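The values are calculated or read from the model by the stated rules, or taken from the named source; none is laboratory data. All figures in this text were calculated on a predicted structure; none of them were measured in a lab. Please note: Cβ atoms are built from the backbone with ideal geometry, for glycine as well, and neighbour counts cover all protein chains shown.
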Amino acid sequence: MTVDNTTIPTANWWSSFRKFFRQEFLRVLTDLRLAIILLLIIAVFSVTGTVIEQGQTPAFYQANYPEHPALFGFLTWKVIQVIGLDHVYRTWWFLSLLVLFGTSLTACTFTRQLPALKAAQKWKYYEEPRQFQKLALSAELKTDSLESLIPILQKKQYRIFQDKHHEQDDILYARKGIVGRIGPIIVHIGIVTILLGGIWGAMTGFVAQEMIASGSTFQVKNIIDAGPFASQDVLKDWSVKVNRFWIDYTPKGGIDQFYSDMSVLNKQGEEVDHEKIYVNKPLRYHGVVFYQTDWGIAGVKIQYNNSPIFQIPMGQLDTQGKGRIWGTWVPTKPDMSEGVSLIAKDLQGMVLVYDQTGKLINTVRAGMSTQVNGINLKIIDLVGSTGLQIKFDPGIPIVYIGFALLMLGVVMSYFSHSQIWALRKGDILYIGGKTNRAQVAFEQEVLGILEKLSSPAKC
């Protein structure tokens with residue numbers, strides 16, 4: 001008989017690796033300090049992703065985060081784009097932090113929480129009076145029966161386990177609040193579910209932006225940020241029509257709220273959904289959410305003398321950050337050799353008319369006319385455009401489920417796991433108990449039980 005000695009080092013190596021994994025790696029992974037540090041880092045970068053605008057163009061970051069002077073002395077557009085602070089929630093390092101945090105919670109659940117629950121489900125009787133001395137709360141009563149204790153404990157929702165192993169000795173164990181031991185496990189499951197939902201949404205979701213003129217129909221095309229596994233199949237076979245866009249103003253002329261009346265159309269052009277949206281009131285369809293985020297002026301409707309009505313587009317002008325205005329040039333001769341400029345700053349209907357030299361000719365409102373270059377130019381109306389942010393995040397339902405589990409687990413965790421032991425030897429009843437929280441309330445409960453039994457001979 002021969003023995004292959006090569007298997008011995010292999011077995012020793014595998015045994016050493018398993019020992020290291022259990023004793024060192026899992027010890028570090030399940031360390032509460034590691035979980036707290038990871039949670040703080042995730043929170044800091046989540047705040048960063050909220051403060052720094054996400055998914056904007058490089059020109060936006062170059063304009064708002066210049067190199068000289070750098071924000072806080074180091075935060076420039078180059079730093080933002082190299083690190084990925086312009087799309088924090090989709091970066092490999094942020095997703096890695098989520099995975100590591102979720103792995104730490106999962107390992108803690110299996111190595112600590114589940115064994116703690118298993119231990120709580122196991123119990124043993126106290127068979128010797130000296131065992132009661134180890135309890136934080138215990139007492140001795142003179143009584144010849146244990147039966148009077150049972151209805152008192154049952155009324156207080158204790159589950160009772162009793163063993164009469166011989167005629168002279170009675171033993172009892174009671175517990176309640178085992179759900180409090182399950183609560184932390186549900187909390188961990190909820191947090192891990194939230195993390196999984198966030199990761200899934202980051203990998204498969206997308207964000208788009210559209211500026212759509214009132215009365216126009218469009219399909220979502222302008223995707224500005226998308227996960228590596230994002231699919232646009234959800235956008236097929238339907239489109240959206242902006243039936244009307246309008247703004248409500250305050251008596252002082254400020255914007256009170258802006259609205260978009262929108263319809264979802266199928267391939268045949270039939271309306272399948274309808275919603276009036278405004279800030280914090282989006283349109284939802286097939287998991288795609290349309291948020292009202294911005295507005296603009298898309299064009300102006302004009303009429304020359306008695307001509308048909310023309311709609312001329314307007315563009316936003318560069319004011320070097322001194323406000324938002326829109327303008328366009330309107331020809332007043334067929335050969336376009338002469339014309340006027342129209343300027344507007346909102347949809348209240350006020351339009352400024354300038355000649356070719358930049359001189360203000362007139363100020364008119366929608367529905368009014370002015371004489372320019374020998375013709376009657378009538379301003380019919382200003383056409384608004386709605387700024388929409390479109391989001392598709394299939395991880396949101398998973399996140400909602402995780403939050404529900406988290407809230408359920410938190411509520412369950414408030415239940416105290418209380419245990420009471422009792423032993424009768426002769427005419428002496430030994431009784432004691434312990435709990436994992438709400439110690440004062442438990443002491444009052446036990447004192448109440450003792451008062452109902454009889455006056456303690458020794459406490």
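A few notes on this one:
- Per the conditions (1) touching a residue at least 12 places away in the same chain (Cβ under 8 Å); (2) out of contact with any Lys or Arg (no Cβ under 9 Å at 6 or more places or on another chain); (3) closer than 26 Å to residue 400 by Cβ, the sole criterion not satisfied by residue 203 is (2).
Residues checked against (1) out of contact with any Lys or Arg (no Cβ under 8 Å at 6 or more places or on another chain); (2) surrounded by fewer than 16 Cβ atoms within 10 Å (Cβ to Cβ):
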site: 368; (1), (2): no, yes
site: 393; (1), (2): yes, no
site: 399; (1), (2): yes, no
site: 422; (1), (2): yes, no
site: 428; (1), (2): no, yes
site: 431; (1), (2): yes, no
site: 440; (1), (2): yes, yes
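- Only one entry of 406, 377, 382 meets the criterion of being buried (at least 16 other Cβ atoms within 10 Å of the Cβ), closer than 30 Å to residue 328 by Cα and touching a Gly at 6+ places or on another chain (Cβ under 8 Å), and that entry is 382.
- Strands (runs of 3 or more DSSP E) contained in segment 128-217 and holding at least 1 residues crowded, with 18+ Cβ neighbours inside 10 Å and modelled with pLDDT of 90 or more: 169-176, 206-213
- Residue in segment 410-433 that is at pLDDT 90 or above and within 30 Å of residue 203 (Cβ to Cβ) present: yes
- Residue that is farthest from the chain's Cα centre (by Cα) [pool: residues in segment 425-449 that are within 12 Å of residue 132 (Cβ to Cβ) and basic (Lys, Arg)]: 425
- Flag: residue 242 matches the condition of being within 18 Å of residue 285 (Cβ to Cβ) and in contact with a Gly (Cβ under 7 Å, 6 or more places away or on another chain).
- Top-ranked residue of segment 259-288 - restricted to ones that are loosely packed, with under 15 Cβ neighbours inside 10 Å and among the aliphatic types (A, V, I, L, M), ranked as nearest to the chain's Cα centre (by Cα): 279
- In segment 134-149, the residues that are on the phi > 0 side of the Ramachandran plot form no Cβ pair under 8 Å with any partner that is crowded, with 17+ Cβ neighbours inside 10 Å, whether six or more places apart or across chains.
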